[in-house]
1. Which residue out of Asp41, Asp52 is without any contact (Cβ under 8 Å) to a residue 12 or more places away in the chain and of a type in the set (D, E, K, R)?
2. Suppose we keep only residues that are modelled with pLDDT under 95 and outside any loop (DSSP other than H, G, I, E, B) within segment 117-141. Which one would you say is farthest from Ile93 (Cα to Cα)?
3. Which residue pairs have Cβ atoms under 8 Å apart, sit 6 or more places apart or on different chains, and have a first residue in segment 112-133 that is among the polar types (S, T, N, Q) and a second that is exposed (fewer than 12 other Cβ atoms within 10 Å of the Cβ) and outside any helix (DSSP H, G or I)?
4. Only one of these is in a loop (DSSP other than H, G, I, E, B), more than 19 Å from Phe38 (Cβ to Cβ), out of contact with any helix residue (DSSP H, G or I) (no Cβ under 7 Å at 6 or more places or on another chain) and in contact (Cβ under 8 Å) with a residue 24 or more places away in the chain: Asn67, Asn87, Asn83. Name it.
5. Restricting attention to segment 1-51, which residues are in contact with a Lys or Arg (Cβ under 7 Å, 6 or more places away or on another chain), under 21 Å from Val103 (Cβ atoms) and assigned to a loop (DSSP other than H, G, I, E, B)?
6. Go through segment 23-42 and report how many residues are in contact with a strand residue (DSSP E or B) (Cβ under 7 Å, 6 or more places away or on another chain) and either among the basic types (Lys, Arg) or farther than 17 Å from Ile139 by Cβ (or both).
Amino acid sequence: MNYEVVNLEEQMVVGLTARTKNSNPDMGMVIGSLWNSFYQDGIYASIPNKKDDKALGIYSDYESDANGAYNVIVACAVNKASNIPQNTIVKTIPAGKYAKFIVHGHMQQAVAEFWQELWMMNLDRTFICDFEEYQDANIENATVHIYIGIL
């Protein structure tokens, strides 16, 4: 898989969170329910001060590596975190060096396939924060930028 190395500034986000791990049989359900709540319960629409209309899937607070538990956050970037909806959290995506991948295709399938391939790569990851940035809401032909924290 091809990627570009980028240096990003920190970014504040507001969203919903849960903790899971890749080996949990309900991992997909946990992440899917966050996305459902984010949109269907009106969380996304009620977050003030959005930087743009892109949704983010964030993976942080890793217990160890891809085999340990981590936090999943479904969020959007904000200019400031004030008057945030109930049950949401504020998180900062840390500044740093990231491998930026661009994924195209069916939103869920293409992203799932990306992670399967990434886990096979010998990439020098930080396991501090990784995130997906959804460029549009086109489920069948999505463009997703995926940032993996690297050393």
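The values are calculated or read from the model by the stated rules, or taken from the named source; none is laboratory data. Since this is a predicted model, take the numbers as computed values, not measurements. Cβ coordinates were reconstructed from backbone atoms using ideal geometry, including for glycine residues, and neighbour counts include every protein chain displayed.
1. Details: Asp52 fails: without any contact (Cβ under 8 Å) to a residue 12 or more places away in the chain.
It is Asp41.
2. Filtering first and then ranking leaves Met120.
3. Between residues of segment 112-133 that are among the polar types (S, T, N, Q) and residues that are exposed (fewer than 12 other Cβ atoms within 10 Å of the Cβ) and outside any helix (DSSP H, G or I), the close pairs are Thr126/Leu151.
4. Numbers: Asn87 fails: more than 19 Å from Phe38 (Cβ to Cβ); Asn83 fails: more than 19 Å from Phe38 (Cβ to Cβ).
Going through Asn67, Asn87, Asn83 in turn, just one is in a loop (DSSP other than H, G, I, E, B), more than 19 Å from Phe38 (Cβ to Cβ), out of contact with any helix residue (DSSP H, G or I) (no Cβ under 7 Å at 6 or more places or on another chain) and in contact (Cβ under 8 Å) with a residue 24 or more places away in the chain: Asn67.
5. Result: Tyr3, single match.
6. First, pick out the residues of segment 23-42 that are in contact with a strand residue (DSSP E or B) (Cβ under 7 Å, 6 or more places away or on another chain): 27, 30-31, 34-35, 37-38.
Now narrow it down to the ones that are either among the basic types (Lys, Arg) or farther than 17 Å from Ile139 by Cβ (or both): 27, 30, 37.
The number of residues fulfilling the criteria is 3.
Each row is one residue, and each column tells you yes or no for (1) of a type outside the set (Ser, Thr, Tyr); (2) touching a Gly at 6+ places or on another chain (Cβ under 7 Å).
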residue	(1), (2)
Ser33	no, no
Phe38	yes, yes
Pro48	yes, no
Lys51	yes, no
Ser60	no, no
Asp65	yes, no
Ala69	yes, no
Ala75	yes, yes
Ser82	no, no
